[in-house]
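Participant: The structure follows.
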Amino acid sequence: MKTDNQHIKALLDKYDHALTTADEERLLAETFQGDQTGDLTGDAAYFKALHQLQRPAEGAGTDLAARLSRQVDQWNVVEKTSGSRARRMSLRVVSMVAASLLLLFSLGLYLNNRKSQPAMMVEQQTDTFSNPEDAEEAAEKALAKFSLALNKGLNKVNNVNNNHN
């Protein structure tokens, strides 16, 4: 089948846009199989280079598969360790939040109960004397008794100091 240069260039354009069929690609490969001269030399080099990029070299696939397998294994190890680390971090965060809430709750209960206790004590206190004169007389007796006890203690301290001098 004889093809002209314009038809080949049209097929190359379709090939560049990935619109060719398998038969058209075979026709291009057969056309550019030999050495080309003239208008199609640049197109031939371009097509041959693209075709060689599409076909892997012999033995390269097995080495690539082994390398990819090792890489996937490494990624799995990294994913497992990072997942475990993330779980531990989230567990720590949850426990810290729970401890903080427990502390705040306990503090709130303590402060709430503490404020109510002095109010109850104030309500329970009552005066011991209903007459102010009786209260004054009792206070004078208590102060006198306190004064006597204080004077007695100071006299003893003075005696000890005088004996040591």
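The values are calculated or read from the model by the stated rules, or taken from the named source; none is laboratory data. Not measured: the values here are computed from a predicted model. Counting neighbours? That spans all protein chains shown, and the Cβs are built from the backbone with ideal geometry, glycine included. Quick note on the areas: whole protein, heavy atoms, side chains included, nothing else; ligands and nucleic acids left out. Shrake-Rupley method; radii C 1.70, N 1.55, O 1.52, S 1.80 Å.
Participant: Evaluate the following for Gln71: is it at pLDDT 80 or above, loosely packed, with under 10 Cβ neighbours inside 10 Å and either of a type in the set (Lys, Arg) or in a helix (DSSP H, G or I) (or both)? Don't jump to the end; show me each part of the working.
Facilitator: Values: at pLDDT 80 or above: yes; loosely packed, with under 10 Cβ neighbours inside 10 Å: no; either of a type in the set (Lys, Arg) or in a helix (DSSP H, G or I) (or both): yes.
Considered against the rule, which asks whether it is at pLDDT 80 or above, loosely packed, with under 10 Cβ neighbours inside 10 Å and either of a type in the set (Lys, Arg) or in a helix (DSSP H, G or I) (or both), Gln71 comes out as no.
Participant: Do we find that Arg92 is modelled with pLDDT of 75 or more, open to solvent by 100 Å² or more (accessible area, probe 1.4 Å), basic (Lys, Arg) and more than 23 Å from the chain's Cα centre (by Cα) in this structure?
Facilitator: So Arg92 does not fit the description; no.
Participant: Return yes or no: is Leu40 at pLDDT below 80, surrounded by fewer than 10 Cβ atoms within 10 Å (Cβ to Cβ) and part of a helix (DSSP H, G or I)?
Facilitator: No.
Participant: Which of the residues that make up the range 6-22 are at pLDDT 85 or above, in contact with a helix residue (DSSP H, G or I) (Cβ under 8 Å, 6 or more places away or on another chain) and among the β-branched types (Val, Ile, Thr)?
Facilitator: Thr20
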